[in-house]
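Input: a single structure, listed below in structure tokens.
The values are calculated or read from the model by the stated rules, or taken from the named source; none is laboratory data. In this text, all values refer to a predicted model and were calculated from it rather than measured experimentally. Every residue, glycine among them, receives a Cβ derived from its backbone with ideal geometry; neighbour counts consider all protein chains shown.
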Amino acid sequence: MHRARPRPFNILCWSIVNQQLSSRAAHTIAGRILELCDQPELTPEGVLSVSGEALRGAGLSWRKVHYLRALADAAQSGELNFRALAQLDDEAVTGRLVALPGIGAWTAQMFLMFALRRADVFSPADVGLQRATHELYGLDARPTGARFEQFAQRWRPFRTVAAWYLWRHVD
């Protein structure tokens, strides 16, 4: 999890692209978007240099095009300052991120895990985590909501690490 240098803007973009898509579909769309931007990773300038129609043609919904462009605008204008976010606690980071279009709790949690590398983040709505926990622990049903949060307390203070292993199980 800690091999590559975190790229906060890039991570948020890919979290938006990945929302409600299979890994394969998201990977295909990501490759097309990178081609359009002609860059090895996404930057605010790169996203804003590509027309909405071209992003739509790469496989994004119009809603996700709007989300990516709003994120790029916020990052470019300084409204979203990644260095300042890194100094905040998890709750404050989440509050700042979910104020942006297209970023909900799941996306904020992925950002905390992969961009800020916080060790104890849990994503109770993540279907992959629910499925892996269900399979590995032989539960009658996928754990959700408060039941899943109670279950995940045993992984504290390394719930991010537990999530990584759980995702590897279902990958």
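Just one of (1) assigned to a helix (DSSP H, G or I); (2) surrounded by 15 or more Cβ atoms within 10 Å (Cβ to Cβ) fails for residue 123. It is (1).
Under the condition of being of a type in the set (D, E, K, R) and free of Cβ contacts under 8 Å to residues at least 60 places away in the same chain, which residue from segment 100-122 is farthest from residue 69 (Cα to Cα)?
The qualifying residue farthest from residue 69 (Cα to Cα) is 120.
Which residue is surrounded by the fewest Cβ atoms within 10 Å (Cβ to Cβ), if the candidates are limited to segment 48-68 and must be assigned to a helix (DSSP H, G or I) and either under 17 Å from the mean Cα position of the chain (by Cα) or modelled with pLDDT under 95 (or both)?
Within segment 48-68, the subset assigned to a helix (DSSP H, G or I) is 48, 52-57, 62-68.
From the residues that got through so far, the ones that are either under 17 Å from the mean Cα position of the chain (by Cα) or modelled with pLDDT under 95 (or both) too are 63-68.
Values: 63: 12, 64: 20, 65: 21, 66: 15, 67: 22, 68: 25.
This residue is 63.
Every residue, every condition in (1) exposed (fewer than 15 other Cβ atoms within 10 Å of the Cβ); (2) out of contact with any Leu (no Cβ under 9 Å at 6 or more places or on another chain); (3) in the same structural domain as residue 60 (by TED's automatic domain parsing), yes or no:
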residue: 79; (1), (2), (3): yes, no, yes
residue: 86; (1), (2), (3): yes, no, yes
residue: 89; (1), (2), (3): yes, yes, yes
residue: 97; (1), (2), (3): no, no, yes
residue: 108; (1), (2), (3): no, no, yes
residue: 141; (1), (2), (3): yes, yes, no
residue: 146; (1), (2), (3): yes, yes, no
residue: 159; (1), (2), (3): no, yes, no
residue: 163; (1), (2), (3): no, no, no
